[in-house]
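Engineer: Take this structure first; my questions come after.
The values are calculated or read from the model by the stated rules, or taken from the named source; none is laboratory data. All of these numbers come straight from a predicted model, not from anything done at the bench. Here the Cβ positions follow ideal geometry from the backbone for every residue, glycine too, while neighbour counts run over all protein chains shown.
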Amino acid sequence: MSRASSAKRSTILSCCILLLAACGGRRRAEPAPLPGQTGTTLGTLPAASVVELEVAGAQPSDTTVTAQAGIPRTVVVRHGFPDNAVFAEVRFDSLAFSGGSDVTITVRPLPGLYGVTIETSHPFATATLTFHYAVHFLAPAEARVTHGSNIAFERTLAIGRLDAEQVTFITSHRPATDLLRAEITQSGTYLVGAPR
């Protein structure tokens, strides 16, 4: 091999190393961190003081299943045709229901809102309720007025339990973008909202 060809190879190799170093030196933009928990300090508010998250698209249907106590069960509620996107999930672990009898679980979506009424034939110890709002998120016009933007409204959202015209917010988490999750300990009506 000639001295000229050796020098040429060395130059090409050096250029490749520099290019690789330059590429490795740039970092990909990291996604914004997900907000942690929400709802912890909101307490109990009159229902009239809460802006509820509305739902667009096909209304989800009531879902009823029969489960056996002692066996984990997840009830998935979906929007209607054409997309069949997940609306909400209620997950019961193996310790949720005592005894070995069958349990009837019904999840009824609240019309026009991100909310559900959960009914069970036996009381449960704990369950995980998750709302999925990536596709059908609809912030009411009032939310943009009171919070400034859809994004600001979304960051304030939490899951609350509706009782006698009052909403008691519970600790809610965002396990991923456009998901809101909370642990619940009883049947009842739960909705996604933020203070006015």
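Engineer: Spot the failing condition for Gly80; the list is (1) exposed (fewer than 15 other Cβ atoms within 10 Å of the Cβ); (2) closer than 21 Å to Leu157 by Cα, and only one is missed.
Structural biologist: Of everything listed in (1) exposed (fewer than 15 other Cβ atoms within 10 Å of the Cβ); (2) closer than 21 Å to Leu157 by Cα, Gly80 misses just condition (2).
Engineer: Which one of these is in a strand (DSSP E or B), touching a His at 6+ places or on another chain (Cβ under 6 Å) and closer than 26 Å to Ser121 by Cα: Phe97, Phe87? Steps first, please.
Structural biologist: Values: Phe97 fails: in a strand (DSSP E or B).
The unique qualifying residue is Phe87.
Engineer: Considering only region 64-122, state which residues are under 19 Å from Leu180 (Cβ atoms) and basic (Lys, Arg).
Structural biologist: Hits for region 64-122 are Arg78, Arg91, Arg108.
Engineer: Looking at Ile159, Ile105, which one is of a type in the set (Val, Ile, Thr) and within 24 Å of Pro46 (Cα to Cα)?
Structural biologist: On the way: Ile105 fails: within 24 Å of Pro46 (Cα to Cα).
Among Ile159, Ile105, only Ile159 is of a type in the set (Val, Ile, Thr) and within 24 Å of Pro46 (Cα to Cα).
Engineer: Out of the residues in region 55-75 that are surrounded by 16 or more Cβ atoms within 10 Å (Cβ to Cβ) and under 27 Å from Gly112 (Cβ atoms), state the one that is modelled with the lowest pLDDT.
Structural biologist: The selected residue is Ala58.
Engineer: Moving on to the next point. Quick one: is Phe137 in contact with a His (Cβ under 6 Å, 6 or more places away or on another chain), in contact (Cβ under 8 Å) with a residue 60 or more places away in the chain and either over 28 Å from Ala67 (Cβ atoms) or surrounded by 15 or more Cβ atoms within 10 Å (Cβ to Cβ) (or both)?
Structural biologist: Working: in contact with a His (Cβ under 6 Å, 6 or more places away or on another chain): no; in contact (Cβ under 8 Å) with a residue 60 or more places away in the chain: yes; either over 28 Å from Ala67 (Cβ atoms) or surrounded by 15 or more Cβ atoms within 10 Å (Cβ to Cβ) (or both): yes.
It is false that Phe137 is in contact with a His (Cβ under 6 Å, 6 or more places away or on another chain), in contact (Cβ under 8 Å) with a residue 60 or more places away in the chain and either over 28 Å from Ala67 (Cβ atoms) or surrounded by 15 or more Cβ atoms within 10 Å (Cβ to Cβ) (or both).
Engineer: Please state which one of Arg155, Arg144 is within 15 Å of the chain's Cα centre (by Cα), surrounded by fewer than 18 Cβ atoms within 10 Å (Cβ to Cβ) and closer than 16 Å to Arg196 by Cα. Don't jump to the end; show me each part of the working.
Structural biologist: On the way: Arg144 fails: within 15 Å of the chain's Cα centre (by Cα).
Just a single option satisfies the conditions, and that option is Arg155.
Engineer: Which ones in region 98-145 are hydroxyl-bearing (Ser, Thr, Tyr) and modelled with pLDDT of 90 or more?
Structural biologist: Filtering region 98-145 down to residues hydroxyl-bearing (Ser, Thr, Tyr) leaves 98, 101, 104, 106, 114, 117, 120-121, 126, 128, 130, 133.
Matches in region 98-145: Thr104, Thr106, Tyr114, Thr117, Thr120, Ser121, Thr126, Thr128, Thr130, Tyr133.
Engineer: What are the residue pairs meeting all of these: first residue in region 107-130, first residue among the basic types (Lys, Arg), second residue surrounded by fewer than 15 Cβ atoms within 10 Å (Cβ to Cβ) and not in a strand (DSSP E or B), Cβ atoms under 6 Å, and 6 or more apart or on different chains?
Structural biologist: Final answer for the pair search is Arg108/Asp62.
Engineer: Moving to a separate point now. Can you pull out every residue in region 116-128 that is assigned to a strand (DSSP E or B) and crowded, with 21+ Cβ neighbours inside 10 Å? Can you show your working first?
Structural biologist: Filtering region 116-128 down to residues assigned to a strand (DSSP E or B) leaves 116-120, 127-128.
Scanning region 116-128 gives Val116, Ala127.
Engineer: When region 181-195 is examined, which residues are found to be exposed (fewer than 15 other Cβ atoms within 10 Å of the Cβ) and part of a loop (DSSP other than H, G, I, E, B)?
Structural biologist: As a first pass, look at region 181-195 and keep what is exposed (fewer than 15 other Cβ atoms within 10 Å of the Cβ): 183, 185-186, 188.
Once the filter is applied, which keeps residues that are exposed (fewer than 15 other Cβ atoms within 10 Å of the Cβ) and part of a loop (DSSP other than H, G, I, E, B), region 181-195 yields Thr185, Gln186.
Engineer: Just give me the residues in region 121-137 being of a type in the set (Phe, Trp, Tyr) and farther than 20 Å from Thr171 by Cα, in sequence order. Spell out the reasoning first.
Structural biologist: So the first thing to find is which residues in region 121-137 are of a type in the set (Phe, Trp, Tyr), and the list is 124, 131, 133, 137.
Residue satisfying the conditions is Phe137 alone.
Engineer: Oh, and also: Out of all the residues in region 172-180, is one or more closer than 14 Å to Glu52 by Cα, part of a strand (DSSP E or B), among the small types (Gly, Ala, Ser) and in contact (Cβ under 8 Å) with a residue 40 or more places away in the chain?
Structural biologist: no
Engineer: Right, another one. Out of all the residues in region 143-161, which are in a loop (DSSP other than H, G, I, E, B) and under 30 Å from Ser187 (Cβ atoms)?
Structural biologist: Narrowing region 143-161 to residues in a loop (DSSP other than H, G, I, E, B): 148-149, 157.
Within region 143-161, just Leu157 meets the criteria.
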